[in-house]
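The values are calculated or read from the model by the stated rules, or taken from the named source; none is laboratory data. Predicted model, so just to flag it, every value in this text is computed and none were measured. Don't worry about glycine lacking a Cβ; one is built from the backbone with ideal geometry, like all the others, and counts go over all protein chains shown.
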Amino acid sequence: MIFDLHSHTTASDGLLTPTELVRHAVNNQLDVLAITDHDTVKGLPEAQATIAQANLPLKLICGVEISTSWRNNEIHIVGLNIDSQNEALIQLLLTQEKNRLDRALAISDKLARVSVQNAYRGACDYAKGDIVSRAHFGRFLVDQGFAKDIKQAFKKYLGKSGYAYVAPKWCPIDEAITAIHAANGQAVLAHPSRYDLTATKLKALITDFKAFEGDGIEVSQSRQTLEDLYYLAKLTNEFDLLASQGSDFHGLTNYLDLGKTASLPNNVRPIWYNWS
Ligand code: AMP
Ligand code: MN
Ligand code: MN
Ligand code: MN
């Protein structure tokens, strides 16, 4: 069975529509795909409809990736098997959407000060859904010639040390976990190796995540070494958590393709162990 439990569509900053994504999943022979757009569940109905109408051999897991704030770090929490109609979850996502909009306007103001005009409108042209992400600003900056690629756009403008960095107002981790649980989902700490935390800080993060009743950790992810995979598996067991895997697919870029993460080590318990 091929599982990929972390992916994005045009509802947030992915490049494929929900329909294109589920078709790509089938082409890549996935059995189970979770769509986990940033702070939105609006890509799910189209994906569900396409699977049903075309009778695609794919199980869709309703998911979301919530941006949170922990000790001044941006930490992403993935919710899997959520009830996307749940009122508490919808309320949290509406607040996140509003904060995203405020941040986007502030980023645009800062960009104007370094002679990048109309960036908010520009970013919106790349955003196909309601979510305006820094990834959309990045695409705009590259296409307008302000950066040679997305990486440089983040380094120069959008990342923490960039000219146009605006600290986000994301919810705390426990609020995200509580909303995911209210929606009957499982909460997974996304891509733990990508936060630039020291080993001590990462353990402190997982300690808090566990205390807030988080369920699992993404052990197998994109952009990681084998050493990192085994280290995360060890931490997962140490904290008695479940293990997840996901490519964090955003489109056919040079990052990992859908369904191509390394297999989970045998000594962890997969997050799907009791899924029906
Ligand atoms: P946001 O959620 O609006 O803060 O935007 C963050 C998104 O931008 C992430 O989900 C990635 O898709 C993308 N991103 C973040 N950092 C980089 C980077 N250095 N290079 C390319 N894309 C990035
Ligand atoms: Mn993204
Ligand atoms: Mn993420
Ligand atoms: Mn992601």
Single residue of THR261, THR225, THR198 found to be at pLDDT 95 or above and within 30 Å of ASN27 (Cβ to Cβ): THR261
Candidates LEU16, LEU60, LEU56 - the one that is within 19 Å of the chain's Cα centre (by Cα) and either outside any strand (DSSP E or B) or among the basic types (Lys, Arg) (or both): LEU16
How about the stretch 159-201: which of its residues are among the aliphatic types (A, V, I, L, M) and in contact with a Phe, Trp or Tyr (Cβ under 9 Å, 6 or more places away or on another chain)? ALA164, ILE173, ALA176, ILE177, ALA187, LEU189, ALA199
Can you run down the residue pairs with Cβ atoms below 6 Å, 6 or more apart or on separate chains, where the first is in the stretch 1-26 and surrounded by fewer than 24 Cβ atoms within 10 Å (Cβ to Cβ) and the partner is among the basic types (Lys, Arg)? THR10/LYS128
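Only one of these is within 16 Å of ligand 2 (Cβ to nearest atom), more than 16 Å from the chain's Cα centre (by Cα) and among the acidic types (Asp, Glu): ASP174, ASP196, ASP149, ASP208. Name it.
Of ASP174, ASP196, ASP149, ASP208, the one residue that is within 16 Å of ligand 2 (Cβ to nearest atom), more than 16 Å from the chain's Cα centre (by Cα) and among the acidic types (Asp, Glu) is ASP149.
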Contact list please: Cβ distance under 7 Å, first residue in the stretch 135-149 and under 15 Å from THR10 (Cβ atoms), second residue more than 8 Å from ligand 1 (Cβ to nearest atom) and assigned to a helix (DSSP H, G or I), pairs at least six apart or on different chains. HIS136/ALA123; HIS136/TYR126; ARG139/TYR126
Any residue that is of a type in the set (Asp, Glu) and not in a helix (DSSP H, G or I) - is there at least one of those in the stretch 112-128? no
Check on ASP39, among the charged types (D, E, K, R), in contact with a helix residue (DSSP H, G or I) (Cβ under 7 Å, 6 or more places away or on another chain), buried (at least 18 other Cβ atoms within 10 Å of the Cβ) and at negative phi: no
State whether the residues of the stretch 96-105 include one that is without any contact (Cβ under 8 Å) to a residue 60 or more places away in the chain and buried (at least 20 other Cβ atoms within 10 Å of the Cβ). yes
Selection over the stretch 123-138 where residues are surrounded by fewer than 20 Cβ atoms within 10 Å (Cβ to Cβ) and at pLDDT 95 or above yields a count of 3
Going by what's in this entry, would ILE51 be described as away from ligand 2 (no atom under 14 Å from the Cβ), assigned to a helix (DSSP H, G or I) and at pLDDT 95 or above? yes
Note on the stretch 32-47: residues over 19 Å from THR95 (Cβ atoms), within 11 Å of ligand 4 (Cβ to nearest atom) and out of contact with any His (no Cβ under 7 Å at 6 or more places or on another chain) are ILE35
For the stretch 171-190, state whether one or more residues are in contact (Cβ under 8 Å) with a residue 12 or more places away in the chain, within 25 Å of THR261 (Cα to Cα), within 14 Å of ligand 1 (Cβ to nearest atom) and small (Gly, Ala, Ser). yes
Could you pull out the residue among SER84, SER69 that is on the phi < 0 side of the Ramachandran plot, surrounded by fewer than 18 Cβ atoms within 10 Å (Cβ to Cβ) and touching a residue at least 12 places away in the same chain (Cβ under 8 Å)? SER69
